[in-house]
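Take a look at the structure set out below.
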Amino acid sequence: MLEIEHLVTGYGGVPVLQDVSLTLAAGEIVGLLGANNAGKTTLINSLSGVYAPMSGRILFEGADVTALTPRERVELGIVQVPEGRLVFPDMSVRENLLLGGINRRARPGRARQMEHVLELFPRMKERLSQDAGTLSGGEQQMLAIGRALMAEARILMLDEPSLGLSPLFVQYIFGIIDKLHAEGLTILLVEQNLNLTLRHAQRCYVLERGRVAIEGPADAIKNDPRTRSAYLGL
Ligand SMILES: Nc1ncnc2c1ncn2[C@@H]1O[C@H](COP(=O)(O)OP(=O)(O)OP(=O)(O)O)[C@@H](O)[C@H]1O
Ligand SMILES: [Mg+2]
């Protein structure tokens with residue numbers, strides 16, 4: 001469904017991602033692991049079109065989307081849940097969700113999708129008119145995922161959904177991720193949390209200083225001694 005070929009992305013002409021290639025099949029949960037600064041967010045932002053790559057290609061269902069704007073990619077269903085949630089704090093939960101579904105493809109189905117999101121997150125239903133900025137961190141994560149679903153995501157890219165959440169909330173959010181996977185959604189799960197990701201993803205890539213250091217099925221990654229070194233620099 002998604003193919004990244006030899007992607008190089010950087011800032012001010014200095015590459016951060018170096019020759020990254022990665023694939024995502026329809027219906028898969030793929031984990032993207034890596035320590036701080038490995039380039040995980042840079043990769044997600046390259047996929048969503050926030051940063052133009054210096055070289056390399058991104059293919060979505062066989063079509064080259066490398067030159068598309070972020071908005072055009074959302075129209076295709078390439079949607080991210082950004083690091084730190086980035087909900088619109090002064091808007092209500094309802095307004096945040098409706099904005100998520102504003103693209104041309106999603107707009108006609110917004111009412112149905114809203115129902116789906118509120119079923120998934122009953123807590124959002126109780127807080128529809130509350131300002132998003134007054135939600136707890138865990139609730140904001142729910143809202144950020146809900147907002148991405150409202151866009152009729154076909155590939156959902158989650159950037160460190162566990163960040164700053166209590167263990168209970170982390171468990172809950174990963175339960176939701178499993179549920180979305182069971183519904184057939186294709187998911188790119190970016191995480192620092194190694195064990196958690198290995199439990200939920202089918203395949204993983206480990207980024208180390210902007211390069212793919214290891215890739216393979218979750219079990220193989222778990223037992224690969226290089227995984228430890230990618231994290232601890234040992
Ligand atoms: N907008 C930017 N301008 C310049 N450099 C940047 C920018 N964004 C990221 N970088 C640099 O790119 C490198 C990779 O950052 P990135 O945010 O992609 O890492 P990450 O793997 O997501 O880390 P974390 O786990 O801390 O979120 C870092 O050295 C960072 O300083
Ligand atoms: Mg990041």
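Just so you know, all these numbers are worked out from the coordinates, no wet-lab data involved. Every value quoted in this text rests on a predicted model; they were computed, and no experiment measured them. Cβ sites come from the backbone with ideal geometry, for glycine too, and all protein chains shown count toward neighbours.
Going from the residue with the fewest nearby Cβ atoms within 10 Å to the one with the most, Asp224, Asp19 rank Asp19, Asp224. Summary of packing: across the peptides 29-42, 182-195, the per-residue average of other C-beta atoms within 10 Å ranks them, highest first, as 29-42, 182-195.
Partners of Lys40 within straight-line reach, counting lysines whose Cα lies under 28 Å from its Cα and excluding those fewer than 8 residues away in the same chain: Lys179, Lys222. The Cα atoms of the stretch 136-178 cover 28, 20, 15 Å along the three principal axes, with the biggest extent listed first. Considering only beta bridges that DSSP places wholly inside the chain, some 55 percent are antiparallel. Taking other C-beta atoms within 10 angstrom as a stand-in for reagent exposure, Met124, Met54, Met142 fall in the order Met54, Met124, Met142, fewest first.
Kindly state, as a whole number, the per residue volume in cubic angstrom of the convex hull around the alpha carbon atoms of the stretch 181-234.
Values: hull volume 4.3 nm³, N = 54.
Residue-normalised Cα hull volume stands at 80 Å³.
Sorted largest first, the principal axis extents computed over the alpha-carbon atoms of the chain equal 48, 38, 32 Å. In a fully extended conformation the segment linking Arg71 and Lys125 would gain 16.7 nm over its present Cα-Cα distance, using 0.36 nm per residue.
Kirkwood-based Rg over Rh for the stretch 140-234 (C-alpha set), two decimals? Before the final figure, lay out each step's value.
Values: Rg = 14.0 Å, Rh = 14.2 Å.
Rounded to two decimals, Rg/Rh equals 0.98.
Taking every alpha-carbon pair within the stretch 84-153, the share separated by more than 21 Å comes to 13 percent. Report the extension gain between Glu95 and Asn223 in nm, rounded to one decimal, defined as 0.36 nm multiplied by the number of residues separating them, less their alpha carbon distance. Going from the current span to full extension adds 41.6 nm. The order of Ile173, Ile155, going from fewest to most other C-beta atoms within 10 Å of their C-beta, is Ile173, Ile155. When each of the peptides 59-71, 129-141 is scored by how many other beta carbons lie within 10 Å of its residues on average, the order from highest to lowest is 129-141, 59-71.
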